[in-house]
Amino acid sequence: MNLTASPDIKTQLRNQALAQLSDTLNDIMKQLGELKEASEGEEKNPAGDKYESGRESIHQSQTLLDKQYASLTQMQRQLKEVPVQPVEGVQDGALLKLPIGNIWVSVPVGKVEFNGEVYQLVSKDSPLVEALWGMKAGDSVDFRGRKVTLQEVK
């Protein structure tokens, strides 16, 4: 892969990642709606301990989904602010080509496929990115007992 072949690849990766986040947020909203319906059904059918444990289970699920929703919404906002202009070294917004794969320093979305290539979207707090921080193409670092050479930075 040649990172310079597609000048707007970061913008396209961002759009793909935002679409994935949006799909996940829509799924969470659907699950929250289903839990609300289940909760209303539980309220109409009080049956002692079984009623209380069912309500508690629904409440725990709602709390977990609310936290996921808040986290993903924050990630969406952060992703929209990641710089997409070309850079020389490893920093926020850098697109990296490494022997282990392609990495975009942005937000920890995970894998995004684009034009037949897989890109790992990670935060600047990722251990590998922290080890590479500030380096330029051709620089190497010892990371977890392996030499990692930064092949390209865009």
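The values are calculated or read from the model by the stated rules, or taken from the named source; none is laboratory data. As the structure is a computational prediction, the values presented were derived from the model and not from experiment. Using ideal geometry, Cβ is built from the backbone for each residue, glycine included, and neighbour counts are taken over all protein chains shown. The protein model used for the area step is the full one, side chains on, heavy atoms only, and it has no ligands, DNA or RNA in it. Shrake-Rupley method; radii C 1.70, N 1.55, O 1.52, S 1.80 Å.
Results, tabulated for the structure shown:
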item: Translational diffusion of the range 14-154, µm² s⁻¹ [Kirkwood Rh, Cα pairs; Stokes-Einstein; 20 °C; 1.002 mPa s]; result: 121 µm²/s
item: The chain - percent of accessible surface contributed by carbon and sulfur, probe 1.4 Å; result: 47 percent
item: Value at 222 nm in deg cm²/dmol, rounded to 500, when DSSP H runs of n ≥ 4 in the chain each add -39,500 (n - 2.57); result: -17000 deg cm²/dmol
item: Long pairs among K80/K154; K30/K154; K30/K97; K36/K111, criterion Cα-Cα beyond 29 Å; result: K30/K154; K30/K97; K36/K111
item: Choice from L64, L79, L128 showing the highest fluctuation, given a GNM over the chain with Cα pairs closer than 10 Å; result: L64
item: Charge dipole (debye, nearest 20) of the chain; +1 at Cβ of Lys and Arg, -1 at Cβ of Asp and Glu; result: 560 debye
item: Degrees between helix 49-81 axis and first principal axis of the chain (Cα, 0 to 90, nearest 10); result: 30 degrees
item: Antiparallel %, DSSP beta bridges [both residues in the range 22-152], to 5; result: 80 percent
item: Residues D27 and A137, FRET efficiency given R0 of 41 Å [Cβ-Cβ distance, rounded to 0.05]; result: 0.60
item: Positive-end extreme of charge dipole, the range 24-143 - chosen from L72, F143, L96 (charges on Cβ); result: L96
item: Rounded Å value of the spacing that divides the Cα centres of the range 136-151 and the range 114-134; result: 13 Å
item: Positive-end residue, the range 16-139 charge dipole about Cα centroid, Cβ charges, pick of M29, S123, S61; result: S123
item: At R0 = 25 Å, FRET efficiency that the Cβ-Cβ distance of R144 and A19 yields, to 0.05; result: 0.15
item: Length released on extending from E152 to T73, taking residue separation times 0.36 nm less the Cα-Cα span; result: 25.4 nm
